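Data block below; observations after.
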Amino acid sequence: MKILQNVRKVPAGMMVVPMVLGSLINTFVPEIVKIGSFTTATFTSAGTATAIGIQLFCLGTTLQLSDMPKVLKRGGLLLIAKFIIGAAIGIAIGMLCGKAGFLGLTTLAVISAVTNSNGSVYLALMTEYGDETDCASMALLSINDGPFLTLVAMGASGLANIPLVALVAAVGPLLMGMILGNLDKEIPKFVAPAGTILIPFVGFCLGAGIKLTNLVKGGFGGILLGLICCLVGGIFIVACERFVGHRPGYAAWGVSTTAGNAVAVPAAVALIDPAWAPYESVATAQVAAAAVVTAIMVPFITSWWAKKYGCPKYPLAGQDFGKENVI
C-alpha cells in the first residue's frame, strides 16, 4: 500500500490527514486512545506541547544569531497585522451593533477568535513550506495565544496580567537549541530531520483536541466566524506581508487561524469584565467552531498559495529566498 505517497498528494497532507483522523477519533471514539501510558501521551492532545517543543528545539539548532533580526521582522509583522484586523473587525461590530453583535455572532467571539492564531497549525505549515525564520517566528506569535491581545483590543489592557513566565517558557526550547547549534555546527545536522518527522504527530495531536460537534454547537455564527477569521483576516494579513514585508504571503495564510486556546478567552474576559458574562457561553461555542473551521481550511489555502506564488520549498522562477525581499 502506498499510504505515504497518497497522503502527500493531499495539500499539506502530512499534517492535515493525521489531524482529520485525530479529530474523527476524538469526536466518535475518544476512549480508544485514552487508555493511558504511551498511547495517551502520543495520540491525544496531551502530546501536542511535547511534540512542538521538540520541533522548536530542532529548529533552534539551525538558527544563527544573525538570523534573529529577520525573525523579529517577519514574526512582528504577522503579529501586528493579526492584532489590527481582529481589533478593527471586533470594535467596528461592537460600535455598530453592540455587545450582541450581528447575525448571532457576538462581538466578544469576534475579537477572541480573530486576534488569536493556532501556533501548532502555523508551525506545521511553515515546516513544510517555509524556512527556519518562518518557523522561528512562532515564538513571537505565541504572544497572541491567550487573552492578553483580546483585552488590549477591547480597551481593557490596564487590567491584563501579561504572562511573562509563560512567554519565556514558550521560547525556551528554541533558545536552547539555538545556543547548542551556535556552539557546535554538527548538532544541527544530527537533529534537523526530527523536525520534519514530527509533523504528522503534531497533526494527530492537534486533531485529538478537536471535536467536530463544536461546529454544531457553534451554529451558523461559529462557521461565519471561522470564515471571517480565515478569509477577511487572512486577506488583510496577506496584503500586509506582501506590500509591507515584501514576502509571497504563505506565512500570512498560515497564521489566519483561530487558536484552540482561544476557546478559554471569552471566560477570561468575562471574569475581568462581568458586563460580558451574558455572552460568554455563546462566544465560547462560536470560538470553538471557528477553531475547527480554520484548522481545516487554512492548510489547503496555504498549500495552494505557496505553490502559486512561491515559497522556499516551491520557489518560482526568479525568486531568491536567500534574500529577505522576494517580491
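All of ALA295, ALA277, ALA268, ALA291 fail the test of being free of Cβ contacts under 8 Å to residues at least 12 places away in the same chain, outside any loop (DSSP other than H, G, I, E, B) and not acidic (Asp, Glu), apart from ALA277.
Take region 297-327 and flag every residue that is among the hydrophobic types (A, V, I, L, M, F, W, C) and modelled with pLDDT under 90. Hits for region 297-327 are LEU316, ALA317, PHE321, VAL326, ILE327. For first residues located in region 60-82 and in contact (Cβ under 8 Å) with a residue 24 or more places away in the chain, partners that are open to solvent by less than 20 Å² (accessible area, probe 1.4 Å) and basic (Lys, Arg) and lie 6+ apart or on another chain with Cβ distances below 8 Å form the pairs ARG74/ARG247. Residues that are β-branched (Val, Ile, Thr) and either open to solvent by 70 Å² or more (accessible area, probe 1.4 Å) or not in a helix (DSSP H, G or I) (or both) within region 45-77 comprise THR50, ILE54, THR62, listed in sequence order. Can you say whether ILE25 is assigned to a loop (DSSP other than H, G, I, E, B) and open to solvent by 20 Å² or more (accessible area, probe 1.4 Å), as far as the supplied structure shows? So ILE25 fails the test. Quick check: is even one residue across region 221-230 part of a helix (DSSP H, G or I), modelled with pLDDT of 90 or more and either open to solvent by 40 Å² or more (accessible area, probe 1.4 Å) or within 29 Å of LEU63 (Cβ to Cβ) (or both)? Looking through region 221-230, at least one residue is part of a helix (DSSP H, G or I), modelled with pLDDT of 90 or more and either open to solvent by 40 Å² or more (accessible area, probe 1.4 Å) or within 29 Å of LEU63 (Cβ to Cβ) (or both).
Taking every residue in region 32-44 that is in contact (Cβ under 8 Å) with a residue 60 or more places away in the chain and pairing it with any residue that is aromatic (Phe, Trp, Tyr) and not in a loop (DSSP other than H, G, I, E, B), at least 6 positions away or on another chain, the pairs with Cβ-Cβ distances below 6 Å are VAL33/PHE43. Candidates THR62, THR44: the one that is more than 17 Å from the chain's Cα centre (by Cα), at pLDDT 85 or above and of a type outside the set (D, E, K, R) is THR44.
Number of residues in region 237-269 that are surrounded by 20 or more Cβ atoms within 10 Å (Cβ to Cβ) and aromatic (Phe, Trp, Tyr) equals 2.
The values are calculated or read from the model by the stated rules, or taken from the named source; none is laboratory data. All values reported here derive from a predicted model rather than from experimental measurement. Positions of Cβ are backbone-derived with ideal geometry, glycine not excepted, and every protein chain shown enters the neighbour counts. Keep in mind that these areas ignore ligands, DNA and RNA; they rest on the heavy atoms of the full protein, side chains included. Shrake-Rupley method; radii C 1.70, N 1.55, O 1.52, S 1.80 Å.
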